[in-house]
Amino acid sequence: MIEYYKAVTAMDKGKIKRIGVLTSGGDAPGMNAAVRSVVRSASSLGIECLGIRRGYNGLISGDIEKLGPESVSRIINRGGTVLYTARSEEFRTEQGRKKASEVCRLFGIDGLVAIGGDGTFRGLLEFSKYGIATVGVPATIDNDIACTDYTIGFDTAANTAIEAVDRLRDTMQSHERCSVVEVMGRNAGHLALYVGLASGATAVLVPEKPFDFERDVAERIRIARINGKTHFMIIVAEGAGSAMTIGDKIHEELGVDTRVTILGHIQRGGAPSARDRVTATSMGFHAVNILVKGSTNRVVCERAGKTSDIDIAEALSMKKGLDEDEYSVLEAVTGIGE
Ligand code: F6P
C-alpha cells in the first residue's frame, strides 16, 4: 500500500490542487474520522482541503472553511460530524447544482469528497457533470449501500443498540415481560438482523421478509415459553412495521405484559467504535488517492475486507439484499433461548 501511495504521489502530484470535503444525509459515527483522514491524506500530498459545512447546502451558499492537519486534531473519537450535515432540497435542482459549481470555481475546488449515503451519491453523480471530480465515501448506520459490504457508522450503532437491548433484558427478566424494541435502518433490516443476532432475540422482524404475526411472533414466543423462558425480546426494524401495534397484539393475544421501546436517534450518536474509526480512515485515504490518480465519479467500498472503489452510476444501480446466511443462522437460533 505504501509503495502504491508513493508511486501515485510521484506520478500524479499536482493534478488536483484543492479538495472540498462535506458530510451529507443522516450523520453516522465515524464521519469525523473520515473527514480527518481526507484532510490529513490530502495534506501529506501537498493538496489543500476545504471543509464544506451543512452538506450540499454549504456548497451552494459558500459555507466553507480551510481545514489543515491541525484543525482535524481530536475529532477521530467524536460522534456526529464537525462539518454539520443536511439533506439539501436545493441541490436536487439543476439551479442549485449550478450555483454549487460556481462556488467550487470561486474557491478553486477541483475535487469533491462527499461522505454519506445513497442520496449523497445521487447528488454527486449529477454534480460531476459540472466538471468537478467527485468521490463518495459510504457512511450510514443503515449499512444499506449495495456496492459495499460495510458503511461507516454501522458497527457503533449496532453496539449502541445491543447495549440498550441488554439493559432492557435485565428489567424484562425481572418482571417476566416481553420487550419490543424498534431499531433504525430506514427500509433495510441489516441493523435489526445484526442486533437480533447479537442480543439473542426471540424474534426479529425486517422489511425484507414480510412477516406473519402468528407464525413469526406468537409462535416463537409460545416455543420459547415451552422451553422455559419467561421474558421475551422482539426486535423490529423501523421499516418492518409498527412496534407499538406488535406490542399491543402480543399483549392481547398472548397475555404477556409488554413494553415497547423505540431506540431512535440514540443509535446515531456516540464515540465511533474502533471498526468505524479504522474503516473511515482507510476510506478517506482511498478517496483522496482516487482524486490524485485523476479518476472521478467513484464510490469507495469495502469488499471481502479490502478497500476499493466503483463507478457511482454502477453503485447506484445495485440492490442490496439481506445477508441470507446471517438470516438462516437467526432462524435457527431464535425462539429457543439466548
Ligand atoms: O439513514 C439513517 C437514518 O438514521 C435511518 O435509519 C432513519 O430512518 C433516518 O436516518 C432518520 O432520519 P432523520 O434523522 O432525518 O430523522
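For the range 25-53, enumerate the residues that are open to solvent by 10 Å² or more (accessible area, probe 1.4 Å) and within 16 Å of the ligand (Cβ to nearest atom). If the condition is that a residue be open to solvent by 10 Å² or more (accessible area, probe 1.4 Å) and within 16 Å of the ligand (Cβ to nearest atom), then Gly25, Gly26, Asp27 are the ones that fit.
Looking only at the range 296-310, count how many residues are more than 19 Å from Glu126 (Cβ to Cβ), in contact with an Asp or Glu (Cβ under 7 Å, 6 or more places away or on another chain) and not hydrophobic (A, V, I, L, M, F, W, C). Result for the range 296-310: 2.
Filtered by the rule that a residue be open to solvent by 10 Å² or more (accessible area, probe 1.4 Å), of a type in the set (A, V, I, L, M) and closer than 13 Å to Gly196 by Cα, the range 142-167 gives Ile162, Ala164. Total residues in the range 20-49 satisfying the condition of being small (Gly, Ala, Ser), closer than 25 Å to Arg186 by Cα and outside any loop (DSSP other than H, G, I, E, B): the figure is 2. With a requirement of 1 or more residues that are free of Cβ contacts under 8 Å to residues at least 24 places away in the same chain, within 16 Å of the ligand (Cβ to nearest atom) and not acidic (Asp, Glu), none of the strands (runs of 3 or more DSSP E) lying completely within the range 149-255 satisfies it.
Look at the range 87-102: where a residue is polar (S, T, N, Q) and a partner is away from the ligand (no atom under 16 Å from the Cβ) and open to solvent by 70 Å² or more (accessible area, probe 1.4 Å), sitting 6+ places away or on another chain with Cβ atoms under 9 Å, you get Ser101/Lys129. What residue, among those in the range 287-330 that are without any contact (Cβ under 8 Å) to a residue 60 or more places away in the chain and in a helix (DSSP H, G or I), is most open to solvent (accessible area, probe 1.4 Å)? Result: Asp325. Just so you know, in the range 253-272 the residues that are over 12 Å from Val181 (Cα atoms) and touching a Ser or Thr at 6+ places or on another chain (Cβ under 9 Å) include one that is surrounded by the most Cβ atoms within 10 Å (Cβ to Cβ), and it is Pro272.
A single member of Leu67, Leu83, Leu59, Leu50 is under 21 Å from Gly270 (Cβ atoms) and modelled with pLDDT of 95 or more, and it is Leu83. Being part of a helix (DSSP H, G or I), open to solvent by less than 20 Å² (accessible area, probe 1.4 Å) and either within 30 Å of Val206 (Cα to Cα) or within 13 Å of the ligand (Cβ to nearest atom) (or both) holds for only one residue in Gly80, Gly123, and it is Gly123.
When Ile250, Ile226 are checked against the criterion of being of a type in the set (Val, Ile, Thr), open to solvent by less than 50 Å² (accessible area, probe 1.4 Å) and under 17 Å from Thr334 (Cβ atoms), Ile250 stands alone in meeting it. State yes or no: is Val333 of a type in the set (Val, Ile, Thr) and open to solvent by 50 Å² or more (accessible area, probe 1.4 Å)? Against the criterion (of a type in the set (Val, Ile, Thr) and open to solvent by 50 Å² or more (accessible area, probe 1.4 Å)), Val333 qualifies.
The values are calculated or read from the model by the stated rules, or taken from the named source; none is laboratory data. All of these numbers come straight from a predicted model, not from anything done at the bench. Cβ: placed from backbone, ideal geometry, glycine included. Neighbour counts: every protein chain shown. Heads up: the accessible areas ignore ligands, DNA and RNA and are worked out on the full protein's heavy atoms, side chains in. Shrake-Rupley method; radii C 1.70, N 1.55, O 1.52, S 1.80 Å.
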